[in-house]
Each structure stands twice: as structure tokens, then as C-alpha cells.
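I'd like to ask you about the structure that follows.
Nothing in this text is a laboratory measurement; each read-out follows from the coordinates by a stated rule. These numbers come from a predicted model, not from an experiment. Here the Cβ is made from the backbone with ideal geometry for all residues, glycine too, and neighbour counts use every protein chain on show.
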């Protein structure tokens, strides 16, 4: 699987558009990384140290791959370039759809030309949640990456994302009282 991650990373870095990835690519990659972690029973052995290094490098490549693909998705949607759904994972298709909807709402009269969206640095309303199941890395409504989260983790997400996950039964909202506000 390491070779698959490396090839996908290298191909993605040398192209302008998202390259084809199998639908289960990230799931298989995460399973592979968990396997490397499980094999490290004695950290003093050479094999264990090699597994740890392989896991570190593969994790970094996978993170860069995700970030590069997200940047390409944002650019393609912003520039109204056609994306091939067959080249995207299910999560990436949802991100592209959400981005398209956001851009359509912010520029309802513009049909043919969309310039880069100038986003004012506005405060994103965050919600604190407890995760009821494992959640892979997601792109928040503020276009920042969140996660991955494990069952019973507590984290902070943009309120819109938290509400959507709550409707799916994946998180439970946590009420935070008397929390000092950050000064702008």
C-alpha cells in the first residue's frame, strides 16, 4: 500500500486536476497505517523502527495528497472547471458539491464568470462536540481541515458541520458555559 500512496502523491503533485483514485483508497490507506501501528509491539527491534518510519512517511504523503486534492477541488469549483466524478472519492464529491452551492449562493447573478471569492476574515461559530463514532478528516464550512476523530473524542467544529453530524447521529453537542471570548 505504501507504493500506492507514493504513486498517488507523485501523480497528484505533477498534475493540474485531481487524478483518479479508487473509491476505497483512503479507507485502505488508513487500514494500512493502523496495521503498521499494531505491528510495533517492541519498539526496540529494527523491524518495529522501520515500521514506525514507514508509517510517519506514509502519513505525511497521505496528508499532502489530501491537501493537494482539496486545493484542486476548490480551484476547479471556483473557476467553474468541469470535474470528472469518476476521479473523485465520495467525500471529495460532497466537498465539490458543497463548494458549488456556496459559490452559487454568493454569486447568484453571475453565470459565466466567477472570480476568486474574497472571504472577509469573519468569525466562524464553533461548536464543541463529543464524537459517537470514528469520523475521517473533513473539510469544515470554513474550508479548514478537521480530524480525523475517534469515538469518544471531544473536538470543536464549525456549527454547520456539527449540526449536520449531529443529525446523522455521529456527534453529540456539548454545552460550554462561562467560556471567555477571544478578543479579535
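Sort 28, 66 by Cβ crowding within 10 Å, fewest neighbours at the top.
Ordered by Cβ neighbours within 10 Å, fewest first: 28, 66.
Which order do the peptides 52-64, 128-140 take when ranked by the mean count of other beta-carbon atoms within 10 Å per residue, highest first?
Result, highest mean Cβ count within 10 Å first: 128-140, 52-64.
Pull out a ≥ b ≥ c, the square roots of the eigenvalues of the alpha-carbon gyration tensor of the range 126-174, then state rounded if a/c is under 1.5, prolate if not and a/b is larger than b/c, and oblate in the remaining case.
Values: a/c = 1.56, a/b = 1.21, b/c = 1.29.
It comes out oblate by the Cα gyration axes.
If each residue's Cβ is checked for other Cβ atoms within 10 Å, how do 176, 74 rank with the fewest at the top?
Placing the least packed residue first, the sequence is 176, 74.
I would also like to ask the following. Rounded, prolate or oblate: pick one for the range 2-106, where a ≥ b ≥ c are the square roots of the eigenvalues of its C-alpha gyration tensor, a/c under 1.5 means rounded, and failing that, prolate if a/b is larger than b/c, else oblate.
prolate
In nm, to one decimal, how far is the residue 172 label point from the residue 102 one, both placed 7 Å along Cα→Cβ?
Modelled inter-label distance: 3.0 nm.
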